[in-house]
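Asker: Dropping a structure here in structure tokens format, bear with me for questions.
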Amino acid sequence: QVQLVESGGGLVQAGGSLRLSCAASGSTLSINAMGWYRQAPGKQRELVATITRGGSIDYTNSVKGRFTISRDNAKNTVYLQMNSLKPEDTAVYYCYTDGRYGRSWGQGTQVTVSS
């Protein structure tokens, strides 16, 4: 099993930046992919970005060019650098991992972008 602890959410004005972090513990050698989902009020949870252990990266179209996902395998940590934030990026952001023991989720961190 994998445990995830997120940090870095908050309130920012449109055009600003935030950096989310997610540290994994437990059976970390079992992890392949790490990434982030988000869920806005009244909407379904959507995949934002993912990165595999080998470094393959994918983004949802709405964040391409603005968000950057990175990963430190030595620290078992995944990051999401969010620039040029928009009010529509407001959501609870959830870290996740996929691996040998299935999917694990973080507790979520609120990101609020004011206009």
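The values are calculated or read from the model by the stated rules, or taken from the named source; none is laboratory data. Everything quoted here is computed from the prediction, not taken from an experiment. Virtual Cβ from ideal backbone geometry, glycine too; neighbours counted across all protein chains shown. Remember, those area values only see protein heavy atoms, side chains included, never the ligands or the DNA or RNA. Shrake-Rupley method; radii C 1.70, N 1.55, O 1.52, S 1.80 Å.
Asker: For the pair Thr52/Ser115, report the inter-label distance in nm, with labels modelled 7 Å from Cα in the Cβ direction.
Answerer: The answer from the label model is 4.0 nm.
Asker: Sticking with the crude label model, points 7 Å out along Cα→Cβ, report the distance from Lys43 to Gln81 in nm, one decimal please.
Answerer: Here the answer is 2.4 nm between the modelled labels.
Asker: Can I ask one more? Need one value: the accessible area of Glu88 in square angstrom, 1.4 angstrom probe, rounded to the nearest 10.
Answerer: Around 120 Å² of this residue is reachable by solvent.
Asker: Could you state the number of Å between the C-alpha centres of the range 76-91 and the range 1-43?
Answerer: What the calculation gives is 9 Å, centre to centre.
Asker: If you don't mind, there's one more thing I want to ask. Taking N as the number of residues in the chain, what is its alpha-carbon radius of gyration divided by 2.2 N^0.38 Å?
Answerer: The chain yields a ratio of 1.00.
Asker: If you don't mind, another one. Could you tell me what percent of the accessible area of the range 19-115 is made up of carbon and sulfur, with a 1.4 Å probe and every protein chain present?
Answerer: 46
Asker: Using the heavy atoms of the protein chains and a 1.4 angstrom probe, tell me the accessible area per residue for the chain in square angstrom.
Answerer: Per residue, the chain has an accessible area of 51 Å².
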